[in-house]
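Student: Below is the structure I would like to discuss, written out as structure tokens.
The values are calculated or read from the model by the stated rules, or taken from the named source; none is laboratory data. Computed from a predicted structure; not experimentally measured. Cβ atoms come from the backbone with ideal geometry, glycine included; neighbour counts cover every protein chain shown. Areas reflect the complete protein model, heavy atoms only, side chains present, ligands, DNA and RNA absent. Shrake-Rupley method; radii C 1.70, N 1.55, O 1.52, S 1.80 Å.
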Amino acid sequence: MPKPFVELVKIYFSDAKSIEEFWRMTLIAAYHNNRENEKEVVLEMAILAFKQMIRKLKMGNISKPIAYYYGILIKKWEQQYFEDLYEMGFPAESNTELAFYIGWVDGLIVILEGADGHFGCSYVPANTLFPS
């Protein structure tokens, strides 16, 4: 575990088991987004997500902090994905509608869809498109 992450998390969660669980969720989210080898980016994303979770936790509205943290990570990775697409030259300000296959995630087909600069992901069970 990176020291900056441990130093931040131990302010709010002092037991090692909790710190390890937050980092484990970080690695799972990074893996599901094919970013596990980008150590600096993963650390930055983890710190941003943890700080966001703490702000919400202080408001008293979170019953399962680790699950909430994981949800933030997933949303942040999705946002990063679309920023990367934009940097690669995919249209963001046109009237063009897009819908194309991206890949597999846990037995689901991921489809990128968008129009007018707004993008989103759909997750379709593989057996609905490719019946056995």
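Student: Please go through the range 18-33 and pick out each residue that is farther than 10 Å from Tyr70 by Cβ and among the β-branched types (Val, Ile, Thr).
Tutor: Ile19
Student: Of the conditions (1) closer than 19 Å to Val6 by Cβ; (2) modelled with pLDDT of 90 or more, Glu36 satisfies every one except a single condition; which number is it?
Tutor: With respect to (1) closer than 19 Å to Val6 by Cβ; (2) modelled with pLDDT of 90 or more, Glu36 is out only on (2).
Student: Out of Leu8, Leu43, which single residue is in contact (Cβ under 8 Å) with a residue 40 or more places away in the chain, under 21 Å from Tyr81 (Cα atoms) and not charged (D, E, K, R)?
Tutor: Leu43
Student: Let me ask something additional. Just give me the residues in the range 62-75 being over 14 Å from Ser18 (Cβ atoms) and open to solvent by 60 Å² or more (accessible area, probe 1.4 Å), in sequence order.
Tutor: Selection gives Ser63, Lys75.
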